Amino acid sequence: MNLTLHIWRQAGPDAPGKMVEYAMRDVSPDMSFLEMLDALNEDLIARGEMPVAFDHDCREGICGSCGMMINGVAHGPMKGTATCQLHMRSFPDGAVIHVEPWRARAFPVVKDLVVNRSAFDRIIAAGGFVSERTGAAPDGNAIPIPKDDVEAAMDVAQCIGCGACVAACPNGSASLFTGAKITHLGLLPQGQPERNRRARAMVRQMDAEGFGGCSLYGECQEACPKEISIAAIARMNGDYLRATLRGPAVNGTAAS
Amino acid sequence: MTLDSAIPSGPIEQKWDRHRFEMKLVNPANKRKHTVLVVGSGLAGASAAATLSELGYRVKCFCFQDSPRRAHSIAAQGGINAAKNYQNDGDSIFRLFYDTVKGGDFRSREANVYRLAQISVNIIDQCVAQGVPFAREYGGLLANRSFGGAQVSRTFYARGQTGQQLLLGAYQALEKQIAAGGITMYPRTEMLDLVVIDGRARGIVTRDLVTGALDVHLGDAVVLGTGGYGNAFYLSTNAKGSNATAIWRAHKRGAAFANPCYTQIHPTCIPVSGHYQSKLTLMSESLRNDGRVWVPKRQGDTRTPDQIPENERDYYLERRYPSFGNLAPRDIASRAAKQVCDEGRGVGPYGLGVYLDFADAIKRLGEQPIRERYGNLFEMYQRITDENPYVVPMRIYPAVHYTMGGLWVDYNLMSTIPGLFVIGEANFSDHGANRLGASALMQGLADGYFIVPATVSNYIASARPAPVTAGHAEARGAMEAVEQRTTRLLGVKGRRTVDAFHRELGKLLWDDCGMARDAEGLSRALASIPALREEFWQNVTVPGSGAELNQGLEKAARVADFFELGELMCRDALHRDESCGVHFREEYQTPDGEALRDDEHFAYVAAWSWRGEGQEPCLLKEPLDFEYVHLATRSYK
């Protein structure tokens, strides 16, 4: 296949960026999108130019490192697919492809297609955990959990934190990411004691990081490579509302 | 240098408990005066950092990814073993211990393996308490499945994303401690050297991968949980960033490197489809619970699988290993696949593939249960190959997956440099010459949550490390060494890309030190690797500078280390004149093609110590005693 790429190049956070055009010849349809970028980078390096910086690691759709806007769509045209699992056979021969980094105030550009997503870590640090000390846990079977509950928890727990939901949202909201963690822990008995506190703290942190509010566009759900349902946001809002009505600011009461 | 394994005395069931009691403790009020540096934030690193911080130490944790949540442990699919015997199918701590020692072909240390089996039980409890959504039965109890190399169901799982869920559990514990102020996290930071002062590990030199700034971090102990080195082969199932740099630089500062030739080749990966390929994708071993492996009986049979009738198929694992069948351990299943492909019976475009067929299981159970068990794996397969595995059999082929070798550690997981602890895949400790499925997650978490927090405390309490400053000559020296190396890499300005060199090195290692080795091939590799390394330092090209985010520079430094390590892997494979586990020397096999061990001469851990650039390393041996699992020929027939 032959392709025309327009890629966002930006040397650093404060440097001006611009789209640069590259012609690609003889691209195999079996290549992943990242392998196609590898091929471009080898050409660039051989010419003594700086390769295009992009985040990637596992290339199996699970680590959440990769992600870019491809023709304006987070992770490109295939539904439920991370960029590393997108293959060039999804594009027609002769395609013109625009590649840009995630665009959101809370995800500043580091270089080219690389953005800083550490805001996600701070949202988890605000309460996305069960406070459990190592070594004193009861037997695993002492906490029976209905199969359906654990399956529903797993549906949202599999969020890879790639940031596509934020990039796809017209408001740059992190509600799907935050809602997924609140839902995961909120569906399990282990997550109950800290449920109110968690909802308050995580939502507040999300706002403090500069993510926008959710106005239910639903674009996040469309872009999510793990197809996490927007129902997680409803649950987050429910927990947050309940926590605001019932729980004190810091030491939340147990959910009833 | 001598190797003291520091195995506690007493019966094997009591060693760990007794040792834990005998180890010294640090007064809670004094813990905050000690800093521990943890490099790596996968299952081993994140769990160690979180636990050390919970105990009260000041912890600095480093990872090269943008977030600790992305460590490669996240990609582990199938599950984690634990001797819970929830299925009442005859499992026990002793059986898990026995299976692991046997699975490792009697090349692991009994005391470590027993402790691993013992702790496995607590790991599950810990993770359940953290909210890890393990699969459950309808009654609400934990579900299990079986895995290669075992005849009991002891594997706990969270769909095909077990590593992800366990890592997120550890990552959340880590983030909790970060928020509490106990841990300072350094993402996008790579360790490039170890600082050794007065013979003890006291710090690391790091590069901030965004700004390029070099820094020295000092502490009272250093813990490396930096994973394996399978990427030396270029094509592997490892994440692209997985590298050997931290352990290799520590090796060059005095840490012995054990059993470098033990590389596990995983039998169920998606075959290579073209020269552009950047990595190989693993399909969980759990697929072999329901999938049947076969090839055509006839050589060069090009018919599509549905046209090949039952009596013209060779279900070679079931034929050769009737009691374990498709669940034969990884080394054996991999070699068997190579053998049928070498015979010209392989399937797919390059003849390098075998079928993993779910037709029988779908006929027996219906599509829905299969979809529930393996849905995401089937989807992943379809994305990569454009084939629907519900309709046509998957094609699989072995690929480099896990390295059992690593830095030598004693029972306390401490390397030959006092104060340097090595955990998870980065050490050599628990798996011997072959790792059983679902044991890597178990080891990473056992080391991180339970073992190293205790042994680091003991070290700090006993050694009482004196304060040091960044102005120390050794710290400055290590920093300068890193600067010089970076300047040298950027200064070559040759004509070949780092990837081109890496691919060539990888092919050399795969051909001569891969699934099967012989003295001739290994000697050949030992001659060609130094020549290729020489060319690398003369002709590599790395654009840009060291004072910016420069992914080419990061890669170049790691590949330079793979050259040195690759040579050591071949040297180790050449000296071991026997076959054991994944180390299959073609000269040493039984008449029916099974590995032939030589316990009289090789029942030891081979640990190599660095003697300088271009010098032959020195071989140290730790003899292995098998008191509880008697040396026997491994049989899965």
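Scanning region B:61-96 for residues that are crowded, with 24+ Cβ neighbours inside 10 Å, away from chain A (no Cβ under 14 Å) and among the aromatic types (Phe, Trp, Tyr) yields a total of 1.
Tally the residues that are acidic (Asp, Glu) and either open to solvent by less than 10 Å² (accessible area, probe 1.4 Å) or within 7 Å of another protein chain (Cβ to nearest Cβ) (or both), restricting the search to region A:17-34.
1
The residue that is nearest to B:Gln382 (Cα to Cα), among those in region A:79-127 that are aromatic (Phe, Trp, Tyr) and part of a loop (DSSP other than H, G, I, E, B), is A:Phe91.
Residues of region A:55-75 that are at pLDDT 95 or above, within 12 Å of another protein chain (Cβ to nearest Cβ) and in contact with a strand residue (DSSP E or B) (Cβ under 8 Å, 6 or more places away or on another chain): A:Asp55, A:Arg59, A:Gly67.
What number of residues in region B:151-176 are part of a helix (DSSP H, G or I) and open to solvent by less than 20 Å² (accessible area, probe 1.4 Å)? The total comes to 14.
Give the residue, chosen from B:Val121, B:Val128, B:Val113, that is within 25 Å of B:Tyr628 (Cα to Cα), within 14 Å of another protein chain (Cβ to nearest Cβ) and part of a helix (DSSP H, G or I).
Values: B:Val128 fails: within 25 Å of B:Tyr628 (Cα to Cα); B:Val113 fails: within 14 Å of another protein chain (Cβ to nearest Cβ).
From the options B:Val121, B:Val128, B:Val113, the qualifying one is B:Val121.
Screening the candidates A:Leu185, A:Leu216 for the property of being more than 14 Å from chain B (Cβ to nearest Cβ) and either open to solvent by 10 Å² or more (accessible area, probe 1.4 Å) or outside any loop (DSSP other than H, G, I, E, B) (or both) yields one hit, A:Leu216. So which residues in region B:448-463 are open to solvent by 10 Å² or more (accessible area, probe 1.4 Å) and within 13 Å of B:Asn122 (Cβ to Cβ), if there are any at all? Hits for region B:448-463 are B:Phe450, B:Ala454.
Which one is most open to solvent (accessible area, probe 1.4 Å), of the residues in region B:412-435 that are in contact with a helix residue (DSSP H, G or I) (Cβ under 6 Å, 6 or more places away or on another chain) and assigned to a loop (DSSP other than H, G, I, E, B)? Going through the qualifying residues, I end up with B:Asn412.
Regarding B:Ser523, is this residue open to solvent by 50 Å² or more (accessible area, probe 1.4 Å) and touching a residue at least 40 places away in the same chain (Cβ under 8 Å)? Lay out the reasoning, then the answer.
On the way: open to solvent by 50 Å² or more (accessible area, probe 1.4 Å): yes; touching a residue at least 40 places away in the same chain (Cβ under 8 Å): yes.
It is true that B:Ser523 is open to solvent by 50 Å² or more (accessible area, probe 1.4 Å) and touching a residue at least 40 places away in the same chain (Cβ under 8 Å).
Could you grab me the full set of residues in region B:224-264 that are of a type in the set (Val, Ile, Thr) and open to solvent by 10 Å² or more (accessible area, probe 1.4 Å)? Answer for region B:224-264, where residues must be of a type in the set (Val, Ile, Thr) and open to solvent by 10 Å² or more (accessible area, probe 1.4 Å): just B:Thr226. Residues that are open to solvent by 50 Å² or more (accessible area, probe 1.4 Å), within 7 Å of chain B (Cβ to nearest Cβ) and charged (D, E, K, R): does region A:120-138 have at least one? Looking through region A:120-138, at least one residue is open to solvent by 50 Å² or more (accessible area, probe 1.4 Å), within 7 Å of chain B (Cβ to nearest Cβ) and charged (D, E, K, R).
If you go through region B:185-193 one residue at a time, do you hit one that is open to solvent by less than 30 Å² (accessible area, probe 1.4 Å), β-branched (Val, Ile, Thr), part of a strand (DSSP E or B) and within 14 Å of chain A (Cβ to nearest Cβ)? Yes.
For every residue, the table says whether it meets (1) aromatic (Phe, Trp, Tyr); (2) assigned to a helix (DSSP H, G or I); (3) within 17 Å of B:Ile7 (Cα to Cα).
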| position | (1), (2), (3) |
| --- | --- |
| B:Val392 | no, no, no |
| B:Ile396 | no, no, no |
| B:Gly437 | no, no, no |
| B:Ile451 | no, yes, yes |
| B:Tyr459 | yes, yes, yes |
| B:Pro467 | no, no, no |
| B:Gly471 | no, no, no |
| B:Glu483 | no, yes, no |
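Can you tell me which residue within region B:131-150, out of those that are more than 9 Å from chain A (Cβ to nearest Cβ) and buried (at least 22 other Cβ atoms within 10 Å of the Cβ), is farthest from the chain's Cα centre (by Cα)? Let's see the steps before the verdict.
Applying the first criterion (more than 9 Å from chain A (Cβ to nearest Cβ)) to region B:131-150 yields B:144-150.
From the residues that got through so far, the ones that are buried (at least 22 other Cβ atoms within 10 Å of the Cβ) too are B:144, B:147-150.
Working: B:Asn144: 23, B:Phe147: 18, B:Gly148: 17, B:Gly149: 17, B:Ala150: 20 Å.
If we take residues in region B:131-150 being more than 9 Å from chain A (Cβ to nearest Cβ) and buried (at least 22 other Cβ atoms within 10 Å of the Cβ), then B:Asn144 is farthest from the chain's Cα centre (by Cα).
For the condition aliphatic (A, V, I, L, M), closer than 24 Å to B:Met569 by Cα and within 21 Å of the chain's Cα centre (by Cα), B:Ile270 does not qualify.
Out of B:Val196, B:Val223, I need the residue that is in contact with an Asp or Glu (Cβ under 7 Å, 6 or more places away or on another chain) and assigned to a strand (DSSP E or B). Which one? Reasoning before the result, please.
Working: B:Val223 fails: in contact with an Asp or Glu (Cβ under 7 Å, 6 or more places away or on another chain).
From the options B:Val196, B:Val223, the qualifying one is B:Val196.
Residues in region A:152-182 that are within 14 Å of chain B (Cβ to nearest Cβ), small (Gly, Ala, Ser) and either assigned to a helix (DSSP H, G or I) or more than 9 Å from the chain's Cα centre (by Cα) (or both): A:Ala152, A:Ala153, A:Ala157, A:Ala180.
Yes or no: B:Phe156 under 15 Å from B:Gly78 (Cβ atoms) and away from chain A (no Cβ under 12 Å)? For B:Phe156, the condition - under 15 Å from B:Gly78 (Cβ atoms) and away from chain A (no Cβ under 12 Å) - is not met.
Residues are listed down the side, and each one gets a yes or a no for (1) farther than 23 Å from B:Met283 by Cβ; (2) open to solvent by less than 20 Å² (accessible area, probe 1.4 Å); (3) more than 9 Å from chain B (Cβ to nearest Cβ):
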residue: A:Met36; (1), (2), (3): yes, yes, no
residue: A:His98; (1), (2), (3): yes, no, yes
residue: A:Ala104; (1), (2), (3): yes, no, yes
residue: A:Ser118; (1), (2), (3): yes, no, no
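Considering only residues that are within 14 Å of another protein chain (Cβ to nearest Cβ) and either surrounded by fewer than 17 Cβ atoms within 10 Å (Cβ to Cβ) or part of a strand (DSSP E or B) (or both), which ones fall in region A:4-16?
Of everything in region A:4-16, those that are within 14 Å of another protein chain (Cβ to nearest Cβ) and either surrounded by fewer than 17 Cβ atoms within 10 Å (Cβ to Cβ) or part of a strand (DSSP E or B) (or both) turn out to be A:Arg9, A:Ala11, A:Gly12, A:Pro13, A:Asp14, A:Ala15.
Looking only at residues that are over 21 Å from B:Tyr229 (Cα atoms) and of a type in the set (Val, Ile, Thr) in region B:487-512, which one is most open to solvent (accessible area, probe 1.4 Å)? Per the criteria, the residue is B:Thr487. Among the residues making up region A:139-150, those that are at the interface with chain B (Cβ under 7 Å from one of its Cβ atoms) and open to solvent by 30 Å² or more (accessible area, probe 1.4 Å) are A:Asp139, A:Asn141, A:Ile143, A:Pro144, A:Pro146, A:Lys147.
Determine, yes or no, whether B:Gly494 is more than 24 Å from the chain's Cα centre (by Cα), modelled with pLDDT of 95 or more and assigned to a loop (DSSP other than H, G, I, E, B).
Values: more than 24 Å from the chain's Cα centre (by Cα): yes; modelled with pLDDT of 95 or more: yes; assigned to a loop (DSSP other than H, G, I, E, B): yes.
In short, yes.
Can you tell me which of B:Tyr390, B:Tyr355, B:Tyr374, B:Tyr402 is surrounded by fewer than 21 Cβ atoms within 10 Å (Cβ to Cβ) and among the aromatic types (Phe, Trp, Tyr)? So that I can check it myself, show each step before the final result.
Numbers: B:Tyr355 fails: surrounded by fewer than 21 Cβ atoms within 10 Å (Cβ to Cβ); B:Tyr374 fails: surrounded by fewer than 21 Cβ atoms within 10 Å (Cβ to Cβ); B:Tyr402 fails: surrounded by fewer than 21 Cβ atoms within 10 Å (Cβ to Cβ).
So the residue among B:Tyr390, B:Tyr355, B:Tyr374, B:Tyr402 that is surrounded by fewer than 21 Cβ atoms within 10 Å (Cβ to Cβ) and among the aromatic types (Phe, Trp, Tyr) is B:Tyr390.
Residues are listed down the side, and each one gets a yes or a no for (1) part of a strand (DSSP E or B); (2) of a type outside the set (Lys, Arg); (3) free of Cβ contacts under 8 Å to residues at least 40 places away in the same chain:
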residue	(1), (2), (3)
B:Glu578	no, yes, yes
B:Glu613	no, yes, yes
B:Leu619	yes, yes, no
B:Phe626	no, yes, no
B:Arg634	no, no, no
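Suppose we keep only residues that are under 23 Å from B:Gly437 (Cα atoms) and assigned to a loop (DSSP other than H, G, I, E, B) within region B:313-351. Which one would you say is most open to solvent (accessible area, probe 1.4 Å)? Applying the filter and picking the extreme gives B:Pro322.
The values are calculated or read from the model by the stated rules, or taken from the named source; none is laboratory data. Keep in mind the model is a prediction, meaning the values are calculated, not measured. Reconstructed Cβ throughout: ideal geometry from the backbone, glycine too, with neighbour counts over all protein chains shown. With ligands, DNA and RNA removed, areas are computed over all heavy atoms of the protein, side chains included. Shrake-Rupley method; radii C 1.70, N 1.55, O 1.52, S 1.80 Å.
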